[in-house]
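**Q** First, the structure itself, so that you have it in front of you.
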Amino acid sequence: MRAFLIRRLLALVPTLLFASLIVFGAMRLIPGDVIDLMMAQNDVSTTHDRAAIEAALGLDAPVHVQYVRWLGGALTGDLGRSLWQNTPVASQLAATLPITFELGLLALLVSISVALPIGIYSAIRQDTAGDYAARSFSLIMLAVPSFWIGTLVMVFPSVWWRWSPPLEYTPFFTDPLTNLRHMLVPAIILGLAISAVTMRMTRTMMLEVMRQDYIRTARAKGLSERVVVLVHALRNGLIPVVTLIGLQAPLLIGGAVILEQIFVVPGMGLLLLEAVFQRDYPVISGVFLVTGVGILLINLLVDLTYGWLDPRVRHR
Amino acid sequence: MTDAAIPAAGAAGLPRSVHDNRFLAFNRRLIREKPLGAVGGAVFLLFLLAGALADVIAPFGLNETDMLRRLEAPNLAHWFGTDHLGRDVFSRILMGAQLSMIVGLAAAGLATVVSIVLGVLSGYLGGRIDMLIQRFVDAWMTFPDLVLLIVVVSIVGPGVPQIVLILGLLYGIAGSRIVRGAVISVRENMYTHAAQSMGATTWHILRRHILPNIMPVVIVLFTTRIGAVILAEAGLSFLGLGVPPPAPTWGGMLSDSGRSYLYLAPWLALAPGLCLTAVVYAINVYGDALRDLLDPRMRGSR
């Protein structure tokens, strides 16, 4: 297991390096006139001059020096300061990241608790009406934009029943119930949107596993269908699904950006959008970097789980 | 492609009518074996036509306002009602279809070209170039699509050409993985080795052996990307970062006229969302059917 862990960590290095180059490169692409625009728009000319902004963006040195300086800062948790609020980007991220994480986690729970049962049902009742209904549902969920559902949820309940989802954020540790009441609606929408892929994958995997010899053996032993499906098939069928859940992390974060905006959840997505509209580039690059690194770490975690679930992976 | 496998060898020299027959035969097979996919293709074609003919069909002008008829519910003159400026929603939906189709086809096309170039380079040449390209693709794919899009838009600014370029690059780089896989499996085929040992140039092998044989994968990739691109553009426009108003994008219609006036005119939220869902669903179903019919490796995996 240790060799597996070391191998995985080493494989992470080039990817991280390229990822940092992408973030850095994106910030280098900011055209010069944007700084002028930024000065005019943000009215920062009183507090900063052009040189100060260039310094804040790290644009006042040769490229390779900039990169090393920026990478060094990023590694020590120094992501610069917001041009708008003049607070450290790192502390803004620390405040918003847990909120997005909570939304993502809730959505993942919703997604799993919808996708697994339906996917399993769909597989063991292959080609029945229920299977077709489940598959059609998942195909439709892939096509429905979550921002549309979000908008509808904001509008129709209030028109019909004078109920609208709460939009005031309360930290979880202040009042868990109020917090959940706010977060649950976007989490359900996001979770349902993501469940389609998991459902399809679960179905395919279960179909494959159900054709294996050891399933026939289990049946031949006279085990009940329930035990065959839930104990023998599910455990093996689920292994690839775990990987898939890791692959969905980018979808969760991307979806969170839009839903945070609709439901006024003060997470990282909302921070990013506000920063984009204010052209607050240090904040933008901070969010950009953190999402990338975060997803890499999630995938590392998933890989480790995978190695733990399936001994064959470890010894490859 | 059982029926296509035989004439494939001499396909280049066949008269045009035979190509047409193969196309017709393929469509007949699509309708027979994958009726849902055929319906999806037809619905997508309908939207494509609506977009192409939008200027002719639209009963009202794109930005023709009528302050006396604001926020009207759907009626005979205004099939989908009117928005907060008295603009005809049906006409704007048609124009929105045009925009979605332009962005969808252009960006998916660009994405496919990028995928082919990167995938072929990486898959055929292999070695150190492959390693380098793949680590870059890894890194690229760790960023959430939407976050990457938002960051890039914040740099290049909103607008149709920018959106097409960004979406094309974004999905092109991600899709190169799939092309690479296909290229690697074709590269190991006997006929490729035979051509190599006969001294064929790399360019010749790519053009005559690799490209024709990855076409099924490429066609499926292109089709499935259209839906993803249309959704992404709508999401960006919804956030106000896509095609700037007053251009009638479906995403933009949902957010600007949409959200502030929704309580007074809830139908404003229905048409753009329904159209988006219908188009994306149609093209996804069609793409799935194409994959089952064209890509033998995926057959049966459903």
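**Q** Highest first, please rank the peptides B:31-37, B:212-218, B:103-109 by the mean number of other Cβ atoms sitting within 10 Å of their residues.
**A** Values: B:31-37: 14.7, B:212-218: 18.9, B:103-109: 23.4.
Descending packing order for the listed peptides: B:103-109, B:212-218, B:31-37.
**Q** Same structure again: Indicate the gyration tensor shape class of the stretch A:72-165 (rounded, prolate or oblate), computed on the Cα atoms with a ≥ b ≥ c the square roots of the eigenvalues: a/c under 1.5 is rounded; otherwise a/b larger than b/c is prolate and the rest oblate. Present the calculation step by step, with values, prior to reporting the outcome.
**A** Details: a/c = 3.59, a/b = 1.82, b/c = 1.98.
Note, shape of the stretch A:72-165 comes out oblate.
**Q** Additional query: Whole Å is fine, so just give me how far the alpha carbon centre of the stretch B:260-286 lies from that of the stretch B:170-201.
**A** That distance is 41 Å.
**Q** Next question. Give me the inter-chain shielding for A:271-282: mean count of other chain Cβ atoms within 10 Å, whole number please. Please list the in-between numbers first.
**A** Numbers: counts 0, 5, 5, 0, 3, 8, 4, 1, 2, 1, 3, 0.
Mean partner shielding for this stretch: 3.
**Q** So, one more: How many percent of Cα pairs in the stretch A:231-295 exceed 17 Å?
**A** Numbers: 1090 of 2080 pairs.
Of all Cα-Cα pairs in the stretch A:231-295, 52 percent lie more than 17 Å apart.
**Q** Next question, about the same structure. Where Rh is the Kirkwood radius over the Cα pairs of the protein assembly as shown, the temperature 10 °C and the viscosity 1.306 mPa s, what D in µm²/s does Stokes-Einstein return? Before the final figure, lay out each step's value.
**A** Values: Rh = 26.6 Å.
D = 60 µm²/s.
**Q** Scale the Cα Rg of the stretch A:115-167 by the rule-of-thumb value 2.2 N^0.38 Å and send over the ratio, two decimals.
**A** Details: Rg = 15.6 Å, N = 53, 2.2 N^0.38 = 9.9 Å.
Ratio of Cα Rg to 2.2 N^0.38 Å: 1.57.
**Q** Then there is this: Counting other C-beta atoms within 10 Å, and keeping those with at most 11, which DSSP coil chymotrypsin sites (Phe, Trp or Tyr not before Pro) do you find in the stretch A:168-222?
**A** On the way: sites: A:TYR169, A:PHE172, A:PHE173, A:TYR214; in loops: A:TYR169, A:PHE172, A:PHE173.
Loop-located and lightly packed - A:PHE173.
**Q** For chain A, what is the largest minus smallest coordinate of the Cα atoms on each principal axis, given in angstrom and ordered from greatest to least?
**A** 80, 59, 35
**Q** Averaged over B:152-165, how many beta carbons belonging to a partner chain fall within 10 Å of each residue's beta carbon? Please report the intermediate quantities before stating the final value.
**A** On the way: counts 3, 1, 15, 11, 4, 3, 0, 0, 0, 0, 0, 0, 0, 0.
The mean count of partner-chain Cβ atoms within 10 Å per residue comes to 3.
**Q** Same structure, new question: Using only the alpha-carbon atoms, how far is helix A:32-42 inclined from the longest principal axis of chain A? Give it as 0 to 90 degrees, nearest 10.
**A** 90
**Q** Equivalent ellipsoid semi-axes for the stretch A:155-199, as square roots of 5 times the alpha carbon gyration tensor eigenvalues: give them largest first, rounded to whole Å.
**A** Details: eigenvalues 94, 71, 7 Å².
So the three semi-axes of the stretch A:155-199 are 22, 19, 6 Å.
**Q** What does the accessible area per residue of the protein assembly as shown come to in Å², with a 1.4 Å probe and no ligands, DNA or RNA counted?
**A** Normalised by residue count, the accessible surface of the protein assembly as shown is 47 Å².
**Q** Rounded, prolate or oblate: pick one for the stretch B:82-136, where a ≥ b ≥ c are the square roots of the eigenvalues of its C-alpha gyration tensor, a/c under 1.5 means rounded, and failing that, prolate if a/b is larger than b/c, else oblate. Numbers along the way, then the final one.
**A** On the way: a/c = 10.14, a/b = 4.26, b/c = 2.38.
Prolate.
**Q** Taking Rh as the Kirkwood radius, which is the inverse of the mean 1/r over Cα pairs, what is the Rg/Rh value for the stretch B:193-261? Display every interim value, and only then the final one.
**A** Working: Rg = 21.8 Å, Rh = 15.3 Å.
Result for the stretch B:193-261 is an Rg/Rh of 1.43.
**Q** Please give me, ordered by residue number, the chymotrypsin sites (Phe, Trp or Tyr not before Pro) of the stretch B:94-179 that lie in loop per DSSP and have at most 16 other Cβ atoms within 10 Å.
**A** On the way: sites: B:TYR124, B:PHE136, B:TRP140, B:TYR171; in loops: none.
Of the chymotrypsin sites (Phe, Trp or Tyr not before Pro), not one in the loops of the stretch B:94-179 has a Cβ with at most 16 other Cβ atoms within 10 Å.
**Q** Considering every residue in B:226-236, what mean count of other chain Cβ atoms within 10 Å of its Cβ is obtained? Walk me through the numbers before you get to the answer.
**A** Details: counts 0, 2, 1, 0, 2, 6, 2, 0, 3, 8, 1.
Average neighbour count from other chains, rounded to a whole number: 2.
**Q** Normalised by the residues of chain A, what does the relative contact order come to in percent, with Cα pairs under 8 Å and at least six apart? Intermediate results must be reported in sequence, preceding the final value.
**A** Values: 328 pairs, mean separation 82.0, N = 316.
Once divided by the residue count of chain A, the mean separation gives 26 percent.
**Q** Here's another thing I want to ask about it. Give the Rg (one decimal place) followed by the Dmax (whole number) of the stretch B:25-294, computed from C-alpha coordinates and expressed in Å.
**A** When restricted to Cα atoms, the stretch B:25-294 yields Rg and Dmax of 21.7, 77 Å.
**Q** Let me ask you something else. Identify the trypsin sites (Lys or Arg not before Pro) of the stretch A:204-246 meeting these criteria: DSSP loop state and at most 13 other C-beta atoms within 10 Å of the C-beta.
**A** Numbers: sites: A:ARG211, A:ARG216, A:ARG219, A:LYS221, A:ARG226, A:ARG235; in loops: A:ARG211, A:LYS221.
Passing sites in the stretch A:204-246 are A:ARG211, A:LYS221.
**Q** Gap in Å between the Cα centre of the stretch A:228-293 and the Cα centre of the stretch B:89-153?
**A** Between the Cα centres of the stretch B:89-153 and the stretch A:228-293 lies a distance of 19 Å.
**Q** Another one. Semi-axes of the equivalent ellipsoid of the stretch B:137-243: what are they in whole Å, largest first, if each equals the square root of 5 times a C-alpha gyration tensor eigenvalue? Write out the running numbers ahead of the final one.
**A** Numbers: eigenvalues 261, 31, 27 Å².
Output for the stretch B:137-243: semi-axes of 36, 12, 12 Å.
**Q** Can you give the direction-averaged projected area of the convex hull of the alpha-carbon atoms in the stretch A:162-301, in nm²?
**A** With every direction weighted equally, the projected area is 12.3 nm².
**Q** Right, next: Need one number: buried accessible surface between chains B and A, 1.4 Å probe, both sides summed, DNA, RNA and ligands left out, in Å² to 100.
**A** The contact between A and B buries close to 4100 Å².
**Q** Sticking with this structure for a sec: Based solely on its DSSP helices, what 222 nm [θ] is calculated for chain A when runs of n ≥ 4 H residues each add -39,500 (n - 2.57) and the sum is averaged over all residues, nearest 500 deg cm²/dmol?
**A** Values: 14 runs with 240 residues, N = 316.
Helix contribution divided over all residues of chain A: -25500 deg cm²/dmol.
**Q** Shifting gears a bit: For the stretch A:123-134, take each phi angle, set θ = phi - 60°, evaluate the Karplus expression 6.51 cos²θ - 1.76 cosθ + 1.60, and give the result in whole Hz per residue in order, putting x for glycine and proline.
**A** Taking θ as phi minus 60°, the curve returns 6, 7, 10, 3, 6, 8, 4, x, 4, 4, 4, 5 Hz for the stretch A:123-134.
The values are calculated or read from the model by the stated rules, or taken from the named source; none is laboratory data. From a predicted model like this one, the values you see are computed outputs, not experimental measurements. Heads up, the Cβs are rebuilt from the backbone with ideal geometry, glycines too, and the neighbour counts pull from every protein chain shown. Quick note on the areas: whole protein, heavy atoms, side chains included, nothing else; ligands and nucleic acids left out. Shrake-Rupley method; radii C 1.70, N 1.55, O 1.52, S 1.80 Å.
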